[in-house]
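To start, the structure itself, in structure tokens.
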Amino acid sequence: RPSEPKLLLININEPIQSAVNFSLAALRKRGIIVSTVLADDLPLLGADPHLIEQVILNLITNAKEAMKNMADDKVIRVTSSGQHDRIIITISDTGPGVPSRMRNKVFDPFYTTKSGNTGIGLSLCKRIVADHGGTLVVDNNEWGGAAFRIELPLAREKETGKVW
């Protein structure tokens, strides 16, 4: 179970870049190209940087695993952008994608298609994002691979009435 978020006003690109940097050596070893397109004009966001980094790291790791049997053209793209009252983070890959019948199931606790895996990573990610008032969904991208999309609200009223 994830800890309660300790919300700070942060530049969301910092935990994203930290997760990417942490993953780079392992991704390069597997022949995976990482492309980051992070918007540089995003407003600060009330979020827990460690939990956001954990989510991004998990999604990058899943993308790496999804492409492990591919010979070439292995790419992970990580983007951030602003849209009205939210920030959107997308982690896409050139793997096999997620069949439409499984798109809701992948977030269920203990659901996994990988042997030797607990199947709790994506459910934890979804919970962490929900604890931030956001959403996490998966679709397939233009390459046919998976695209996990995180939407986080810019302003959020907590029980205290505090607005970020």
So how do 35-44, 143-152, 7-16, 95-104 stack up, highest first, on mean other-Cβ count within 10 Å? 143-152, 7-16, 95-104, 35-44
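Excluding ligands, DNA and RNA, what is the solvent-accessible area per residue of region 1-98 at a probe of 1.4 Å, expressed in Å²?
Accessible area per residue, region 1-98: 52 Å².
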With r defined as the distance between the Cβ atoms of R103 and E142 and R0 fixed at 25 Å, what FRET efficiency is calculated, to the nearest 0.05? 0.90
Proximal aspartates and glutamates to K74, defined as alpha-carbon separation beneath 20 angstrom and excluding residues fewer than eight positions away on the same chain: E65, D93, D139, E142
Past 24 Å, Cα to Cα, is the threshold; run K6/K105; K6/K126; K6/K68 against it and keep the listed order. K6/K105; K6/K68
Just to be sure I understand the model, the point goes 7 Å from the Cα along the line to the Cβ. What's the resulting H84 to I33 distance in nm? 3.5
If you wrap region 22-89's Cα atoms in a convex hull and average its projection over all directions, what's the area in nm²? 5.2
Amide H of V75 versus every other amide H placed in the peptide plane: which residues, excluding those fewer than 5 positions away on the same chain, fall under 5 Å? I33, T94
What distance in nm separates the simple spin-label points at D40 and N21, each placed 7 Å from Cα in the Cβ direction? 1.7
If I take R0 = 30 Å and measure r between the Cβ atoms of E65 and E14 in this structure, what FRET efficiency does the formula 1/(1 + (r/R0)^6) give, to the nearest 0.05? 0.75
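The values are calculated or read from the model by the stated rules, or taken from the named source; none is laboratory data. All values derive from a computational prediction rather than experimental measurement. Every residue, glycine as well, gets a Cβ built from its backbone with ideal geometry; the counts of neighbours run over all protein chains shown. SASA here: full protein model, heavy atoms, side chains in, ligands and nucleic acids out. Shrake-Rupley method; radii C 1.70, N 1.55, O 1.52, S 1.80 Å.
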